[in-house]
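One structure below.
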Amino acid sequence: MTRFSAILPDVRGRLSKARNLSDLTWLRVGGPADYLFQPADIEDLQAFLRDLPDVVPVFPMGVGSNLIVRDGGMRAVVIRLGRGFNAISVEGNTVTAGAAALDAHVARKAADAGVDLTFLRTIPGSIGGAVRMNAGCYGSYTADVLRKATIVTRQGDLRDLTPEDLNFRYRQSDLPEGAVLISATFEGPSGDPDDLHARMEAQLKKRDETQPTKDRSAGSTFRNPAGFSSTGQADDVHDLKAWKVIDDAGMRGATRGGAQMSPKHSNFLINTGTATADDLEGLGEEVRKKVYETSGITLEWEIMRVGDPLKE
Ligand SMILES: Cc1cc2nc3c(=O)[nH]c(=O)nc-3n(C[C@H](O)[C@H](O)[C@H](O)COP(=O)(O)OP(=O)(O)OC[C@H]3O[C@@H](n4cnc5c(N)ncnc54)[C@H](O)[C@@H]3O)c2cc1C
């Protein structure tokens, strides 16, 4: 469990041993990380990564809104950014935000200044997670507005990445192995602040009506299956909805232990209060199997599953 302890560098931030991760994820499940590091500032993060032996795996974590951390936890140093990495500044139509800033705060601050990043308002993650996952909704994606991302590499160097470097795809981007995003710069279209705030209120209301926003979830569980264009090529028009094929397989409301496919939106996997990561992942796999049996479609997970199962 603590096999790295002799080789960990000194830090100014907080380094916690065998730190349980469940309270740091939206689904409230997950075992301990060997270590959780919360750096004091950029220099602290750089020095730590520079002096950390290459053999030690590093996992940067946002606010855990797209993660199932398995019950056995993570054999790694999990790095979670907090204060010192959450500043937001706006200059003209350019918004720069620390990786720990919440998407919702960035959207609101941008709107105050007449910059339209409204699509970020309903995504409950941090800017680090938004860039890594190319977060998006209502037809807009992080990739559309990102101009620059700054990382600290696994070797401790500061580097700027362009959108091309990040190679954005649906809910994915490329980061160098072990790199931690520390900030991102966006450029959004202009808008009237009152209109932008009104639009965000309407989006929140729509979410509350259609999604289990009061339950513990990690958003959409599976990607919408790719459709087929008129040329027969698979594309990502996403005309088939994951919730529909889950309904057709009779899995809306299905349970396993404390996990449930939400009765309100069948593509949301929820922790009803007592779920383990194993319940959640196991139920997700049952759904994939049933959907394959009924429609021949293989659902792909959108939620990331990380860490180890609990040993018997
Ligand atoms: C109710 C609900 C609704 C949601 N709706 C949407 C939606 O509409 N659209 C959408 O796209 N997503 C949605 N999500 C999913 C989730 O919010 C996004 O994927 C979000 O971008 C994840 O951000 P996070 O900070 O929680 O990242 P985490 O879940 O903590 O991590 C996700 C990935 O990002 C990486 N990461 C995080 N921070 C950093 C960093 N600083 N440096 C390097 N890598 C990092 C992690 O290593 C991991 O690979 C929803 C989730 C919930 C719970």
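The values are calculated or read from the model by the stated rules, or taken from the named source; none is laboratory data. Note that the structure is predicted; figures quoted are calculated from it, not measured. With ideal geometry, Cβ positions are generated from the backbone for all residues, glycine too; neighbour counts draw on all protein chains shown.
Summary table
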| read-out | value |
| --- | --- |
| Output for the stretch 130-146, where each listed residue is in contact (Cβ under 8 Å) with a residue 24 or more places away in the chain, more than 21 Å from R305 (Cβ to Cβ) and outside any strand (DSSP E or B) | Y138, T142, A143, V145 |
| Residue count for the stretch 60-104, restricted to those that are more than 28 Å from L280 (Cβ to Cβ) and in contact with a Phe, Trp or Tyr (Cβ under 6 Å, 6 or more places away or on another chain) | 2 |
| Counted residues, the stretch 200-220 - those being surrounded by fewer than 18 Cβ atoms within 10 Å (Cβ to Cβ), under 20 Å from V63 (Cβ atoms), out of contact with any Phe, Trp or Tyr (no Cβ under 8 Å at 6 or more places or on another chain) and in contact (Cβ under 8 Å) with a residue 24 or more places away in the chain | 2 |
| Exclusive hit being in the same structural domain as N134 (by TED's automatic domain parsing) and crowded, with 19+ Cβ neighbours inside 10 Å, set V29, V95, V78, V69 | V95 |
| Every residue from the stretch 155-173 that is more than 11 Å from the ligand (Cβ to nearest atom) and either in contact (Cβ under 8 Å) with a residue 40 or more places away in the chain or assigned to a loop (DSSP other than H, G, I, E, B) (or both) | Q155, G156, D157, L158, T162, N167, F168 |
| Filter result (surrounded by 13 or more Cβ atoms within 10 Å (Cβ to Cβ) and in a helix (DSSP H, G or I)) within the stretch 180-194 | P193 |
| Pick from the stretch 108-138, criterion of a type in the set (A, V, I, L, M) and over 18 Å from the mean Cα position of the chain (by Cα), ranking: farthest from the ligand (Cβ to nearest atom) | A113 |
| Residues of the stretch 27-75 that turn out to be farther than 19 Å from W301 by Cβ and touching an Asp or Glu at 6+ places or on another chain (Cβ under 6 Å), as a count | 2 |
| Among (1) out of contact with any Lys or Arg (no Cβ under 9 Å at 6 or more places or on another chain); (2) of a type outside the set (D, E, K, R); (3) within 30 Å of A275 (Cα to Cα), the one test that V55 misses | (3) |
| Residue within the stretch 139-154 that is within 8 Å of the ligand (Cβ to nearest atom) and of a type outside the set (S, T, Y) present | yes |
| Checking W301 against (1) aromatic (F, W, Y); (2) out of contact with any Phe, Trp or Tyr (no Cβ under 8 Å at 6 or more places or on another chain); (3) at pLDDT 95 or above, the condition it does not meet | (2) |
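Each row is one residue, and each column tells you yes or no for (1) within 24 Å of A218 (Cα to Cα); (2) outside any loop (DSSP other than H, G, I, E, B).
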{"position": "W26", "(1), (2)": "yes, no"}
{"position": "V29", "(1), (2)": "yes, no"}
{"position": "Y35", "(1), (2)": "yes, yes"}
{"position": "D44", "(1), (2)": "no, yes"}
{"position": "R75", "(1), (2)": "yes, yes"}
{"position": "I79", "(1), (2)": "yes, yes"}
{"position": "R83", "(1), (2)": "yes, no"}
